[in-house]
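Take a look at the structure set out below.
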Amino acid sequence: MKDALSQEEAAMLEETARLAELGLLTASLLHELRQPLFAVKALAQLLDRDGQDPRTAMMLEHLSHIEDLVSQYGGFGRPVAEACFDLNAPVGEAATMMLHRAELMGAELKSDLFDGELRVNGRSSAALQVAVNLIQNALDAVEEGDAGRIVRVRTSVLGQSAVVEVSDSGPGLAVEVRQRLGQPFVTTKPPGRGTGLGLYIAQKLVREHGGELTFPTPLDGGTLVRVCLPLALAS
Ligand SMILES: Nc1ncnc2c1ncn2[C@@H]1O[C@H](COP(=O)(O)OP(=O)(O)OP(=O)(O)O)[C@@H](O)[C@H]1O
Ligand SMILES: [Mg+2]
């Protein structure tokens, strides 16, 4: 019994040390990423000094998204402020950011945004992150399957909630993933294609905003992900 306990303790210590090492490695990586990131940003600005080329504008948008992520996860700079924002903006931005990838793989990425403001409280950059992760997963899913490659992004209002839905015509969620929803490092993708962190991060961010991320059963196959966030009260 004593031996079994000490084995358990040793395993826990090993796990804790491994996690601490991983944390340090991640922080170092985020720190080192800042220099090349700033260099690429400066070069992009130099290439288009008068800001006329929409492709440079798009590149700068992607770069500032990376910059936000590096600052936020690396703990550099000031924390991103909470504010009231229109959820359509980051969701629309995420869909635009992913259009290029969709085009390259011959997938259709359709957006149907609520015709009106969807005011929610929180960090718009977090909403962008969630939407990007969900669209990315949907595109990965349709890339795998043989069915038509269609991804739909929709925003709407349901009661007191603002809703974002991402649906796809892919093979649907694997049973082993459904059973372990909410856990980190759950992936069915080959090494180098997925880390199993996207949904974990998305779920965490949605919860931090008082919302919920669910996988309702879609009527016509594929996968449907629904994010509900509390609508901000009118001031
Ligand atoms: N739209 C979807 N259709 C089918 N399976 C999905 C879908 N979204 C997520 N999954 C399943 O959930 C798993 C976990 O997703 P998650 O986004 O957390 O990690 P990942 O996509 O594998 O890697 P990454 O960390 O790069 O996002 C995926 O590997 C996949 O099996
Ligand atoms: Mg993912």
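The values are calculated or read from the model by the stated rules, or taken from the named source; none is laboratory data. Keep in mind it's a predicted model, so treat the numbers as computed, not measured. As a convention, Cβ positions derive from the backbone with ideal geometry for all residues, glycine included, and neighbour counts pool all protein chains shown.
The sole residue among A27, A44, A57 that is over 16 Å from the mean Cα position of the chain (by Cα), free of Cβ contacts under 8 Å to residues at least 12 places away in the same chain and assigned to a helix (DSSP H, G or I) is A57. The numbered conditions (1) within 10 Å of ligand 1 (Cβ to nearest atom); (2) touching a residue at least 40 places away in the same chain (Cβ under 8 Å) are all true for P190 except (2).
Residue-by-condition table, conditions (1) in contact (Cβ under 8 Å) with a residue 12 or more places away in the chain; (2) under 28 Å from E32 (Cβ atoms); (3) more than 18 Å from the chain's Cα centre (by Cα):
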position: R49; (1), (2), (3): no, no, yes
position: H62; (1), (2), (3): yes, yes, no
position: L69; (1), (2), (3): yes, yes, no
position: G75; (1), (2), (3): yes, yes, yes
position: V91; (1), (2), (3): yes, no, no
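Taken over the range 193-216, residues that are within 13 Å of the chain's Cα centre (by Cα), of a type outside the set (D, E, K, R) and either more than 10 Å from ligand 1 (Cβ to nearest atom) or within 13 Å of Q129 (Cα to Cα) (or both) amount to 10. Taking (1) out of contact with any Lys or Arg (no Cβ under 7 Å at 6 or more places or on another chain); (2) modelled with pLDDT of 90 or more; (3) assigned to a loop (DSSP other than H, G, I, E, B) in turn, Q203 satisfies each apart from (3).
Before we move on, is S156 within 11 Å of ligand 1 (Cβ to nearest atom) and farther than 25 Å from E61 by Cβ? Spelling it out, it is not the case that S156 is within 11 Å of ligand 1 (Cβ to nearest atom) and farther than 25 Å from E61 by Cβ.
The residue pairs whose first member lies in the range 193-207 and is free of Cβ contacts under 8 Å to residues at least 40 places away in the same chain, whose second member is more than 7 Å from ligand 2 (Cβ to nearest atom), and whose beta carbons are closer than 6 Å, counting only pairs six or more residues apart or on different chains, are G196/F185; G196/V186; G196/T187; L197/P184; Y200/P184; Q203/G182; Q203/L213. Taken together, the residues in the range 34-70 that are over 24 Å from P90 (Cβ atoms) and hydrophobic (A, V, I, L, M, F, W, C) amount to 5.
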